[in-house]
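The values are calculated or read from the model by the stated rules, or taken from the named source; none is laboratory data. Owing to the predicted nature of the structure, the values given are computational and were not obtained by experimental measurement. Because the Cβ atoms are built from the backbone with ideal geometry, glycine has one as well, and the counts that use them run over all protein chains shown. When the accessible area is computed, the model is the full protein with side chains, heavy atoms only, and any ligands, DNA or RNA have been set aside. Shrake-Rupley method; radii C 1.70, N 1.55, O 1.52, S 1.80 Å.
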Amino acid sequence: MKFFIDTASLTEIQEAADLGLLDGVTTNPSLLAKETGDSMEIFREICKIVDGPVSAEVTALDHEGMVREAEILRKIADNIVIKIPMTLEGLKALKTLSREGVETNCTLIFNATQALMAAKAGATYASPFVGRLDDISGNGMYLIEQICTIYRNYGLDTQVLVASIRLPEQVTQAAMIGAHVSTIPPKVMRQLASHPLTDIGLATFMADVEKMKNRT
Ligand code: G3P
């Protein structure tokens, strides 16, 4: 499974890239609003750090406006992926862009038919938001199972990009189901590598190393 990081923070992106496990980046307007500076400049800097796909979201709500914005965003770098919201206008934009060979990420997916429509429109990635579904007592991971099954049933190429992740366990579940990508917030990315027994085990090993030093 590919690991993307879900942030627009250059510091966090650099930190994740330094781990050597980073396959891509997703951003959205809310993540960009947390940063300072011009969005286009932020995208440019992200693309300098990461070779893999970098999702940049359009802000237009109409099909023509989305396609126009996509043209501008694509000029930033070859690895920019155009993020399009799951709306009827968004579906039209996905179709137009996919015909032009542009990589897209259909965002704000909350049910399986939305994911099926995104794939039929030619989206490269479909982003179901698991955490936000769980927040309202839904079942985010069941949605991932449904989408993966439907895509397999029909041999659809669209990659399932699990978004709105809140916990390391969701990454495990996404991998068990066979989702293609998890986009992971920086805090969860750090949590993935840790376990209390690892810390305790390492502390014991280090204490024993000290004991051995004292022996000589
Ligand atoms: O990238 C979009 C998605 O991951 C948003 O997550 O935490 O705002 O629900 P969240």
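For the reader, a short list of remarks on this structure follows.
- Whole-number accessible area per residue in Å² for the chain, which is evaluated in the context of all protein chains at 1.4 Å: 53 Å²
- Degrees, to the nearest 10: 39-49 long Cα axis against longest axis of the chain: 50 degrees
- Taking the centroid of alpha carbons for each part, the stretch 58-73 and the stretch 92-113 are 12 Å apart.
- Amide H contacts of residue 26 (H built 1.01 Å from N, in plane; Pro and chain starts excluded): 5, 6, 7, 55 sit under 5 Å, all sequence-distant by 5 or more or on other chains.
- Given charges at beta-carbon only (K, R positive; D, E negative), |dipole| of the chain in Debye: 360 debye
- Solvent exposure of residue 208, expressed as accessible area, is near 60 Å², computed with a probe of 1.4 Å over the protein chains only.
- For the residue pairs 92/187; 2/120; 187/211; 2/187; 187/213; 2/34, the alpha carbons lie more than 28 Å apart in 92/187; 187/211; 187/213.
- Per-residue HN-Hα couplings for the stretch 150-167 [Karplus 6.51, -1.76, 1.60; θ = phi - 60°; Hz; x = Gly/Pro]: 4, 5, 5, 3, 10, x, 7, 7, 4, 8, 7, 10, 6, 10, 6, 7, 10, 9
- Amide H contacts of residue 104: 82, 124, 125, each under 5 Å away and 5 or more positions distant or on a separate chain (H built 1.01 Å from N in the peptide plane; Pro and chain starts excluded).
- Evaluating 6.51 cos²θ - 1.76 cosθ + 1.60 at θ = phi - 60° for every residue in the stretch 180-189, the Karplus couplings come out as 6, 9, 10, 9, 10, x, x, 4, 5, 4 Hz, glycine and proline recorded as x.
- Surface/4 estimate of mean projected area, convex hull on alpha-carbon atoms of the chain, nm²: 14.5 nm²
- Protein accessible area in the stretch 156-216, 1.4 Å probe - carbon and sulfur %: 64 percent
- Accessible surface of residue 71, taken over heavy atoms with a 1.4 Å probe and every protein chain present, rounds to 90 Å².
- Karplus-derived HN-Hα couplings along the stretch 132-149 (A = 6.51, B = -1.76, C = 1.60, θ = phi - 60°), whole Hz, x at Gly and Pro: 5, 5, 4, 4, 9, 6, x, 10, x, 6, 5, 4, 4, 4, 4, 5, 4, 5
- Less than 5 angstrom separates the built amide H of residue 179 from none of the residues sequence-distant by 5 or more or on a different chain.
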